[in-house]
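Following: one structure in structure tokens, then a few remarks.
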Amino acid sequence: MHGSFATESPPTSPELVNDSISKKENYKERRQYRSNTIPRRRSSSFQSQRQQQQPQLQQPKNAKTQTAKRQPHWNIPRTVLLRTVLIFSLLTAAGVCAALAYIALHNAEHITAQYTYESIALSATLNAKAIVERKFQAAEATATLASWTNPNKDDWPLIFINGYMNITSKIAQLSQSSSQTIMIILDPSRAQEFETHIAEVYAREGRPNTTGYSDFGFGIWKPDPEMEFEDGRAHDTTGENSWGGKDERMTVLSLHNLPNPESLLYSVYSEKDRGIHIDSMNACARAHNDSFTSPACALFTDMLELKIRPGPAALIMQPIFPANDLAELVGFATTSLHWEEALNNVVPDYVNGLTCVISTESASFTYEIQSGGIVELLGDGDLHDVRFDDHGNSVVLNEIQTGADTNAVYTLTVYPTAAMFQTFSTKFPLVIALSFLGVIFLCTMLFFLYDYLMRHEAAQRKLILETKRRFVRFISHEIRTPLNTVCIGLELLERELRRETSKVSIEMGETGFFLAVEDIDFWHTVTMDVKENAAIAVSILNDMLNYDKLETKTLELETEEVNPWLLIDETIHQFHLQAVDRDVELKLTFEESKNNNSVGASMLGSLPSTQPCGEVPTTDIEISNLVVIGDEVRLSQVFRNVISNALKFTPTGGKIDVSVMHVMDGLRETNDMLMSGKPVNKNSRYGSLIVRISDSGVGLTKDQLEMLFGEGVQFDANKLQHGGGSGLGLNIAKGIVELHNGTIEAQSEGLGQGTTFIIELPLYIGSAYNADEVNSDEVSHSQTPTDAESCNTIENKESRKKKRRRILVVEDSLSSRKMLIRLLEREGHTCMGASNGRDAVEMVEHEMKQSRLDLILKQPGVSKCDVPNHENFDAILMDYEMPFMNGPDAARAIRDIGYGGSILGVTGNLLIEDVDHFKSCGADEVLAKPISMAKLREYWEMNP
């Protein structure tokens, strides 16, 4: 069989006999092969379709009776469904009423809770502020007591206040304070004298004998970091400190309202958290020169922990000036301020869950007031529930006038808690809602039913779409495969006819033998007609694939600057012969530009169908510089579809006018981005291009115009609106034009009045505009090849064209495989064939092993004549759908074994996911069936 395909001579009689026998064998082989493979794959789908169609084909005469009998079967579910819907509607109304009632009652409770909280929060802040003010007044009272009981500055520091404990205990009780103390400023040189005096004071006041004692004995003490004694105290007689305080004097906590507190005789200035405030008050007092009024130097310390008990606290420090010498600072009266005390009894006992944040610039602590007035410390920082940020109520607790710069300003912010709002929530709205529990349940069931139906419908739509795509894939493959054989056979037949024609000319010249050339011309005409109809079938398949891409939004544009004038001119040229054959006048006219003074306003000429297209003239701004940004192939497809339709519907003797015009203000609202997602330069916009294609054909009605650009539209053949085709051409054309931000529309005055298609596309000034002439000359000069370079280029092209390749053809269709092998061998290539991917992998692997063996044998000392010359395949033409192993899997396996040549997919599976999958498996390019030598030559010229 390969011998008959490889020969260049015409077949003789024995070859014809052998060829007929071979055809019979091929027919049996194809029949046996299809019975084992393809029909089994198709039989299930075709059988199910025929079973579904069988009842329609064999419908009995009494079909109406059977339909009438089946009708009650469908009435019952519909009635039940309507009743169910009615019941659900009523129950839904009840549920809505219940929900509205619950919402109204719940909102009322919530509003009540908010008003109650606002009242509680206002009361809490005011009460806490009042408590702080009372404590401040307690410090003032203690300072006044010390000032008037010891009015002379010389009485200090050796003072005595008769009844101090009794008086200050009452003051502490009234101010809800833990301690009322007096701190005396003492010169370190009088420390021993002061200790002796204060011991006598403690004895006179009746304090316990252990008062003022530490582990080191009786005396002034300060914290000892070295822990010399167990209680961590050291005797302080010098007033030295470790934090850098500048005051050389000592400040000693001398008197306390409690009998024997641990803080007595504490050297307050020895620690920084208290010492900085003493320095601040001293500075304030020194700045006051008026001896007739005491300065306002009181302050609140920042957050600290007192010696008397743990927890966040502060000291209210009031300076003591002797009554007779108001400019001399001799000590301080202090009131302890434990913040837990400031929050006691600020709200009623029934309040549960009120968050209180007490803060200064440097620190903050969070408390929570629980039911019964219990105050609990939550921790350091602002720990309130952020959900209630908008409900915060704040107040400054210590608004005092003071000259002490270290005075800390305390702010109390009150927030509610969920527990507090829950206190005002009742079960009444819930009880109302529970009465409609059945309604809510039924409504939920209705929702689930609706959801199920919608999901089922969505699944059905998805299934229909997938089925449609599988159908497109199946049709594309199953039709392109036999068309591949037909087209390759026609190409072979054309070659044979050309060869026979040349042979006849030679024989007639040498022997005078006469052969009817008309017969050869007739067969040429037949092959051309068959090829034209095959091309129509392929175009229908391409329409289906393009429609699928538009529907799934996967149609990609290869954007570039397209010269629309030349594109239209070339497209008209393609239909010139068809117009002549149909006796239709095809005329191209470049009309005067509108609203444009820059581009010359002159008729650019016309093109009759019997004359070639003339060159497009240039103007002030050359028309060649106005371009369309888009895909030239897709735009050409649009113009071909519209012109092809015009030829199809225009009767003999009719005419088609194609006019092209530039409009300066056209398509003003065009986006900067193509609908494909690729950007264009808005600054280079220069109006729009309007192409009018008018024919004198059968025309369209108003209703037909409205549905013209729909999918699968074909009109009544009885009204001469025949068309054939897929009915997708205009739908695809519209999609492509819109991807280019253009518009397409059709106009017709009715049947018999012809149709006009108007295509408008945005125009841009091309990148070549305003190019520098010098640069252009340099570029032109640099791009002009020398004679030697031209010769080399021509020789390289010729060598690529004449290159003989060793090709493996992998195709499961025996006829297609044989035809393609014969076509390639006619081009001078050497071919081998494989019927499936598995065989192809084995053949490639074998050839590669043999080539490696040749390299091993071709060592020094081995004659080259003794070693056969094996070469790898230069190219592999691979089908997609094949038995045992398909094309992509075979390509992947061949790449895995190290094959580096080109693999070309030759397939009818042209959906984008199929093409991408083939390439991802190792294919260099995917070519559509039917294949031709022109496509292969084009690829090999670009990829030698």
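Sub-6 Å Cβ pairs linking a first residue in region 245-260 that is within 14 Å of L329 (Cα to Cα) and open to solvent by 10 Å² or more (accessible area, probe 1.4 Å) to a second residue that is part of a loop (DSSP other than H, G, I, E, B) and of a type in the set (D, E, K, R), at least 6 apart or interchain, are R249/D187, ordered by first then second residue.
Taken over region 409-440, the residue count meeting the criterion of being crowded, with 17+ Cβ neighbours inside 10 Å, part of a loop (DSSP other than H, G, I, E, B) and modelled with pLDDT of 80 or more is 2.
Whether any residue in region 264-275 is open to solvent by 40 Å² or more (accessible area, probe 1.4 Å) and polar (S, T, N, Q) is what I want to check. Full working, then the answer.
Within region 264-275, the subset open to solvent by 40 Å² or more (accessible area, probe 1.4 Å) is 271-273.
With the extra rule that they be polar (S, T, N, Q), the set shrinks to none.
No: region 264-275 contains no residue that is open to solvent by 40 Å² or more (accessible area, probe 1.4 Å) and polar (S, T, N, Q).
Here G239 meets each of (1) surrounded by 22 or more Cβ atoms within 10 Å (Cβ to Cβ); (2) modelled with pLDDT of 90 or more with one exception, condition (2).
Please pick out the residue among L635, L667 that is at pLDDT 80 or above, out of contact with any Gly (no Cβ under 6 Å at 6 or more places or on another chain) and either farther than 19 Å from G699 by Cα or not in a strand (DSSP E or B) (or both).
Details: L667 fails: at pLDDT 80 or above.
Exactly one residue qualifies, and that residue is L635.
What number of residues in region 224-236 are outside any loop (DSSP other than H, G, I, E, B) and open to solvent by less than 50 Å² (accessible area, probe 1.4 Å)? Steps first, answer last, please.
Within region 224-236, the subset outside any loop (DSSP other than H, G, I, E, B) is 233-235.
Next cut, open to solvent by less than 50 Å² (accessible area, probe 1.4 Å) only: 233-234.
Summing the residues that are outside any loop (DSSP other than H, G, I, E, B) and open to solvent by less than 50 Å² (accessible area, probe 1.4 Å) in region 224-236 gives 2.
Residues checked against (1) among the acidic types (D, E); (2) open to solvent by less than 70 Å² (accessible area, probe 1.4 Å); (3) without any contact (Cβ under 8 Å) to a residue 60 or more places away in the chain:
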{"site": "H110", "(1), (2), (3)": "no, no, no"}
{"site": "Q114", "(1), (2), (3)": "no, yes, no"}
{"site": "S123", "(1), (2), (3)": "no, yes, no"}
{"site": "L126", "(1), (2), (3)": "no, no, no"}
{"site": "K135", "(1), (2), (3)": "no, yes, no"}
{"site": "N150", "(1), (2), (3)": "no, yes, no"}
{"site": "F160", "(1), (2), (3)": "no, yes, yes"}
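Does T168 count as β-branched (V, I, T) and either surrounded by 19 or more Cβ atoms within 10 Å (Cβ to Cβ) or closer than 18 Å to N260 by Cβ (or both)? Quick ask: steps written out before the conclusion?
On the way: β-branched (V, I, T): yes; either surrounded by 19 or more Cβ atoms within 10 Å (Cβ to Cβ) or closer than 18 Å to N260 by Cβ (or both): yes.
Yes: the conditions hold for T168.
Here is a yes/no grid of residues against (1) more than 29 Å from L258 (Cα to Cα); (2) in contact with a Gly (Cβ under 7 Å, 6 or more places away or on another chain); (3) surrounded by fewer than 21 Cβ atoms within 10 Å (Cβ to Cβ):
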{"position": "L326", "(1), (2), (3)": "no, no, yes"}
{"position": "W339", "(1), (2), (3)": "no, no, no"}
{"position": "D349", "(1), (2), (3)": "yes, yes, yes"}
{"position": "T355", "(1), (2), (3)": "yes, no, no"}
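Take the conditions without any contact (Cβ under 8 Å) to a residue 12 or more places away in the chain, farther than 17 Å from Y410 by Cα and assigned to a loop (DSSP other than H, G, I, E, B) and apply them to P348. Does it pass? Even if it seems obvious, please write down each step before you answer.
Details: without any contact (Cβ under 8 Å) to a residue 12 or more places away in the chain: no; farther than 17 Å from Y410 by Cα: yes; assigned to a loop (DSSP other than H, G, I, E, B): yes.
Against the criterion (without any contact (Cβ under 8 Å) to a residue 12 or more places away in the chain, farther than 17 Å from Y410 by Cα and assigned to a loop (DSSP other than H, G, I, E, B)), P348 does not qualify.
A search for C-beta distances below 7 Å between a residue of region 898-917 that is closer than 23 Å to L483 by Cα and open to solvent by 30 Å² or more (accessible area, probe 1.4 Å) and any residue that is assigned to a loop (DSSP other than H, G, I, E, B) and among the polar types (S, T, N, Q), counting only pairs 6+ apart in sequence or on different chains, returns I912/T554. So, in region 732-763, exactly how many residues are over 30 Å from the mean Cα position of the chain (by Cα) and either at pLDDT 85 or above or open to solvent by 20 Å² or more (accessible area, probe 1.4 Å) (or both)? Residues meeting the conditions: 18. Applying a threshold of 8 Å to beta carbon distances and a minimum spacing of six or more residues, or different chains, the list of pairs starting in region 185-207 at a residue that is in contact (Cβ under 8 Å) with a residue 60 or more places away in the chain and ending at one that is open to solvent by less than 80 Å² (accessible area, probe 1.4 Å) and assigned to a helix (DSSP H, G or I) reads L186/F194.
The helices (runs of 4 or more DSSP H) found entirely in region 883-944 that carry 1 or more residues being under 19 Å from N872 (Cβ atoms), within 36 Å of the chain's Cα centre (by Cα) and at pLDDT 85 or above are 887-896.
Working only within region 574-588, note down all residues that are loosely packed, with under 14 Cβ neighbours inside 10 Å and in a helix (DSSP H, G or I). Within region 574-588, Q574, L577, V580, D581 meet the criteria.
The values are calculated or read from the model by the stated rules, or taken from the named source; none is laboratory data. Just so it is clear, the structure is predicted and the values come from calculations on it, not from any experiment. Because the Cβ atoms are built from the backbone with ideal geometry, glycine has one as well, and the counts that use them run over all protein chains shown. In case anyone asks, the SASA skips ligands and DNA or RNA and just uses the protein heavy atoms, side chains included. Shrake-Rupley method; radii C 1.70, N 1.55, O 1.52, S 1.80 Å.
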